[in-house]
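Participant: Next up is a structure, given as structure tokens.
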Amino acid sequence: MEIGELIYQGKAKSIYKSDNDDELIALFRDDMTAFNGEKHDQFSGKGVYNATVSAFFFDYLEKHGIKTHFIRMIDEKTMLVSKLEMIPLEVIARNRAAGSITKKLPLKEGQVLNPPVIVTDYKDDAKGDPAVNDDLILALGLLTRDELNEARRTTLEINKLLYDFFDELGLVLVDFKIEFGRRGNEIILGDEISMDSMRLWDKETGESFDKDVYRFNKGDVMTAYARVVEKIINWKKEQ
Ligand code: C5P
């Protein structure tokens, strides 16, 4: 597989052209950033961890009827994906209150949100990813009403699948962020699903196994990420 021209450099992934116009190559780098890039470090092996977990979940979701951009791994940190026209929206599902929502609203850290809450942010670093509601998503022309309903339904389905999966591993899926793109007239799950984009707490101790370990200096972030990878590998062995 020939890696083509770099077309987009995100905070933790680089996207390259492939030899097929309908496909792109996503390289998961070792960069870790937080607070809109204010904090930035590199951790050897981080790209491999996130690529491994993302590939696992894309495959898991596909097996449960969710369409994703995942095609296959090229090597352990490089993923072949189908080309989507990305929608600049961060769709966040929350099962417990944590992070930004506890600063903006009278919700206690760890408070159960049942039914789960879905919020959406307009993806624009320079503007600090402002929150947008359904009306604004329509006004901005980001999604049609049908697509909005579909994205919401799919996000709730993904949340249920991931929540139940992590529950089996002894972890609480507190929240996560996903992004969708368009392929033809379909809305497809893109980007990544990794410890960078979710909060995972140990069910018993509340210990974090996600980017909060890095954000708030809660310990060794690579040990935390490795623990999640290990749990997933063990789960796979048991199947
Ligand atoms: O920052 P906040 O607490 O709202 O984040 C909610 C969830 O979405 C967290 O799991 C966080 O890691 C993820 N997120 C993300 N990328 C962003 C904003 C949030 O992956 N730009």
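The values are calculated or read from the model by the stated rules, or taken from the named source; none is laboratory data. All values derive from a computational prediction rather than experimental measurement. Positions of Cβ are generated from backbone atoms using ideal geometry, with glycine treated the same way; all protein chains shown enter the neighbour counts.
Participant: More than 22 Å from residue 200 (Cα to Cα) and within 16 Å of the ligand (Cβ to nearest atom) - does that describe any residue in the stretch 74-87?
Facilitator: Yes, the stretch 74-87 contains at least one residue that is more than 22 Å from residue 200 (Cα to Cα) and within 16 Å of the ligand (Cβ to nearest atom).
Participant: Go through the stretch 4-44 residue by residue and tally those that are closer than 21 Å to residue 99 by Cβ, among the hydrophobic types (A, V, I, L, M, F, W, C) and assigned to a strand (DSSP E or B).
Facilitator: Looking only at that region, the number is 2.
Participant: Suppose we keep only residues that are away from the ligand (no atom under 14 Å from the Cβ) and small (Gly, Ala, Ser) within the stretch 175-190. Which one would you say is nearest to the chain's Cα centre (by Cα)?
Facilitator: By that ranking, first place goes to 181.
Yes/no per residue for (1) surrounded by fewer than 12 Cβ atoms within 10 Å (Cβ to Cβ); (2) touching a residue at least 60 places away in the same chain (Cβ under 8 Å); (3) in contact with a strand residue (DSSP E or B) (Cβ under 9 Å, 6 or more places away or on another chain); (4) in a strand (DSSP E or B):
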{"residue": "81", "(1), (2), (3), (4)": "no, yes, yes, yes"}
{"residue": "94", "(1), (2), (3), (4)": "no, yes, yes, yes"}
{"residue": "102", "(1), (2), (3), (4)": "no, no, no, no"}
{"residue": "106", "(1), (2), (3), (4)": "yes, no, no, no"}
{"residue": "109", "(1), (2), (3), (4)": "no, no, yes, no"}
{"residue": "119", "(1), (2), (3), (4)": "no, no, yes, yes"}
{"residue": "136", "(1), (2), (3), (4)": "no, no, yes, no"}
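Participant: Tell me, which residue of the stretch 99-116 that is out of contact with any helix residue (DSSP H, G or I) (no Cβ under 8 Å at 6 or more places or on another chain) and of a type in the set (A, V, I, L, M, F, W, C) is farthest from the ligand (Cβ to nearest atom)?
Facilitator: 112
Participant: Look through 202, 196, 220 and report the one residue that is at pLDDT 95 or above and either in contact with a His (Cβ under 7 Å, 6 or more places away or on another chain) or buried (at least 19 other Cβ atoms within 10 Å of the Cβ) (or both). Steps first, please.
Facilitator: On the way: 202 fails: either in contact with a His (Cβ under 7 Å, 6 or more places away or on another chain) or buried (at least 19 other Cβ atoms within 10 Å of the Cβ) (or both); 220 fails: either in contact with a His (Cβ under 7 Å, 6 or more places away or on another chain) or buried (at least 19 other Cβ atoms within 10 Å of the Cβ) (or both).
196 is the lone residue from the list that is at pLDDT 95 or above and either in contact with a His (Cβ under 7 Å, 6 or more places away or on another chain) or buried (at least 19 other Cβ atoms within 10 Å of the Cβ) (or both).
Participant: Inspect the stretch 165-174 for any residue being hydrophobic (A, V, I, L, M, F, W, C), part of a helix (DSSP H, G or I) and loosely packed, with under 13 Cβ neighbours inside 10 Å and give the result as yes or no. Write out each step before concluding.
Facilitator: Here is the first cut: in the stretch 165-174, the residues hydrophobic (A, V, I, L, M, F, W, C) are 165-166, 169, 171-174.
Imposing the further condition that a residue be part of a helix (DSSP H, G or I) reduces the set to 165-166.
Now restrict to residues that are loosely packed, with under 13 Cβ neighbours inside 10 Å: none.
No: the stretch 165-174 contains no residue that is hydrophobic (A, V, I, L, M, F, W, C), part of a helix (DSSP H, G or I) and loosely packed, with under 13 Cβ neighbours inside 10 Å.
Participant: Consider residue 235 carefully, then state whether it is of a type in the set (Phe, Trp, Tyr), crowded, with 19+ Cβ neighbours inside 10 Å and outside any loop (DSSP other than H, G, I, E, B).
Facilitator: Taking the combined requirement at face value, the residue does not satisfy it.
Participant: Here's another thing I want to ask about it. Scanning for something surrounded by fewer than 16 Cβ atoms within 10 Å (Cβ to Cβ), assigned to a loop (DSSP other than H, G, I, E, B) and at pLDDT 95 or above, does the stretch 45-54 turn up at least one residue?
Facilitator: Quick first cut of the stretch 45-54, residues surrounded by fewer than 16 Cβ atoms within 10 Å (Cβ to Cβ) only: 45.
Retained after the next criterion (residues that are assigned to a loop (DSSP other than H, G, I, E, B)): 45.
Now restrict to residues that are at pLDDT 95 or above: 45.
Yes.
Participant: If you don't mind, there's one more thing I want to ask. When you look at residue 157, is it on the phi < 0 side of the Ramachandran plot, away from the ligand (no atom under 16 Å from the Cβ) and acidic (Asp, Glu), yes or no?
Facilitator: Working: on the phi < 0 side of the Ramachandran plot: yes; away from the ligand (no atom under 16 Å from the Cβ): yes; acidic (Asp, Glu): yes.
Yes; evaluated as a whole, the condition is true for this residue.
Participant: Among the candidates 197, 208, single out the residue that is within 13 Å of the ligand (Cβ to nearest atom), closer than 24 Å to residue 45 by Cα, more than 15 Å from the chain's Cα centre (by Cα) and among the polar types (S, T, N, Q).
Facilitator: Values: 197 fails: more than 15 Å from the chain's Cα centre (by Cα).
It is 208.
Participant: Could you figure out which of (1) touching a Gly at 6+ places or on another chain (Cβ under 8 Å); (2) over 25 Å from residue 225 (Cβ atoms); (3) within 11 Å of the ligand (Cβ to nearest atom) isn't true of residue 96?
Facilitator: Failed condition: (2).
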